[in-house]
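Read through the structure below, which is laid out as structure tokens, and then see the notes.
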Amino acid sequence: MKPIPAAKQPALVSRLIKACGGAYSPKQRRKYFLTGPQWAAAYEGHALFHAPTRSPIGYEDVIREYSKIGIGHWATHDTDVYPADALGTDRQDEITAGIKKALKKHGLQCSMVTTETFHHAVFAASPAAEAPEVREYARWRLANTVRIGHELGAQYCVYWPGSLGYQVQGAVEETNTLKWFAEGLNAACEADIAAAKEKGRPTLKHCLEAKPFEPAAQILLPTSDAMIAFISSGLLKHPDMVGLNPEYLHELMWGAAVRAALARVLLCGKLFHFDINDGYPLKHDVDIGVGLVNPLDWLNVLVLLRNHNYEGPFNLDYKPPRTTSNWGVFAVSFPTAVDRFITLWEMAGEVASDPVISQAYDALRAGGGGDPRDPKSIVEANRELLNLHELIGHRLFQILVGAHRGRTYSV
């Protein structure tokens with residue numbers, strides 16, 4: 001093949017993406033509670049060792065392109081769209097008005113807002129630092145974001161305390177830091193109650209997001225389990241308002257079974273919001289698009305969520321690869337991520353109604369009829385039934401690849 005001129009490359013990519021097939025229409029995509037973050041689409045490809053590979057893009061363009069794709073909800077950090085020095089000023093009100101106008105024009109809703117408490121130099125020692133003026137500023141930022149959320153019609157507010165920790169052991173007193181962090185959440189909830197009353201709206205759902213590594217060397221709330229314990233610690237004035245926003249990759253990063261972590265959150269009634277992406281265990285936060293690495297695991301996760309009637313958002317918290325162009329972010333990356341999610345979600349529905357899996361589960365739950373007081377009898381009674389565990393795994397694989405519909409390969 002001869003070199004392909006730059007002017008002809010979009011046409012080639014468009015032709016091949018159509019040849020892939022399996023796409024859903026924007027109307028179909030809007031049926032799902034999928035949220036598109038400002039930061040994901042605006043990610044320029046930069047990182048600790050990476051220079052940017054894409055040019056900046058503003059919220060107007062992101063909202064317009066999400067609308068074209070069929071992503072019905074938009075989410076943002078405060079400083080994704082508001083310069084830090086504009087917060088709390090007339091400029092904040094002007095930007096808010098512009099966002100509301102863009103959302104209305106393109107038929108999107110703001111689903112979630114979150115406060116950046118990790119990038120600015122003021123948070124070098126975390127939003128719960130020793131200096132009281134840092135904590136006071138953090139409380140104001142959190143309350144201000146809550147007010148922005150009500151202005152934009154959001155339902156959720158997310159907190160990622162990735163800088164809540166330390167680089168040097170012994171540099172902080174961990175129990176003090178956790179108490180100070182709770183004070184910030186209490187301020188956010190109090191501001192929410194006041195704003196909701198003023199606006200005649202429900203209060204927001206406040207969601208903690210765990211991450212085991214980065215950017216602090218040691219993080220004080222690294223897992224969803226740690227956050228459940230924190231919510232139950234007695235430090236929060238409104239624990240009923242606070243739940244979790246687990247992220248798939250953040251759970252996987254430390255080697256956890258994502259489905260098991262979500263099950264524990266579900267049992268506590270605290271699964272408010274869910275960030276969806278993909279990646280690798282025991283690696284850094286690569287934020288790959290959903291289903292590109294672990295599709296079978298993703299199928300199992302969605303089976304669990306469907307079985308428990310999860311109705312919250314699925315937030316597309318991933319980074320389009322540095323190899324993807326500005327045009328490709330919206331022509332390839334986001335549409336295919338959405339379509340993989342929808343396909344996996346509908347496959348999970350097939351699992352729930354599959355007669356083979358249903359019969360296998362029923363048989364396992366019925367047991368083999370052994371004597372409950374005789375362990376040997378129990379072993380013998382259930383010996384062959386336990387083969388169904390592996391059979392269920394095989395059936396899930398068949399559903400994933402379409403073999404349950406007769407798809408085979410000649411050899």
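The values are calculated or read from the model by the stated rules, or taken from the named source; none is laboratory data. Model, not experiment: these values are computed from the prediction. All Cβ positions, even for glycine, are placed from backbone atoms using ideal geometry, and neighbour counts span all protein chains on display.
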Do any residues in the stretch 82-93 that are within 20 Å of residue 121 (Cβ to Cβ) have Cβ atoms under 7 Å from those of residues that are of a type in the set (A, V, I, L, M, F, W, C) and surrounded by 13 or more Cβ atoms within 10 Å (Cβ to Cβ), where the two are at least six apart or on different chains, and which pairs are they? 82/95; 86/95
Criterion: within 26 Å of residue 72 (Cα to Cα) and not aliphatic (A, V, I, L, M) - qualifying residue of 281, 295, 355: 295
Residues that are aromatic (Phe, Trp, Tyr), in the same structural domain as residue 327 (by TED's automatic domain parsing) and within 25 Å of residue 273 (Cα to Cα): list the helices (runs of 4 or more DSSP H) wholly contained in the stretch 1-116 that include at least 2 such residues. 59-69
Identify, please: which residue in the stretch 41-59 is in contact (Cβ under 8 Å) with a residue 40 or more places away in the chain and aromatic (Phe, Trp, Tyr) and is, among those, surrounded by the fewest Cβ atoms within 10 Å (Cβ to Cβ)? 59
Between residues in the stretch 98-113 that are on the phi < 0 side of the Ramachandran plot and residues that are at pLDDT 95 or above and charged (D, E, K, R), which pairs lie under 6 Å by C-beta distance while being six or more apart or on different chains? 102/60; 106/64
From the list 4, 17, 71, which one is more than 21 Å from residue 141 (Cβ to Cβ), under 22 Å from the mean Cα position of the chain (by Cα) and among the aliphatic types (A, V, I, L, M)? 71
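Inside the stretch 361-386, can you point out the residues that are within 25 Å of residue 307 (Cβ to Cβ) and among the polar types (S, T, N, Q)? Before you say what the answer is, go through the steps one by one.
So the first thing to find is which residues in the stretch 361-386 are within 25 Å of residue 307 (Cβ to Cβ), and the list is 361-368, 382, 385-386.
382 - this is the single residue of the stretch 361-386 that is within 25 Å of residue 307 (Cβ to Cβ) and among the polar types (S, T, N, Q).
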Would you point out which residue out of 78, 90 is among the acidic types (Asp, Glu) and either buried (at least 20 other Cβ atoms within 10 Å of the Cβ) or touching a strand residue (DSSP E or B) at 6+ places or on another chain (Cβ under 6 Å) (or both)? 78
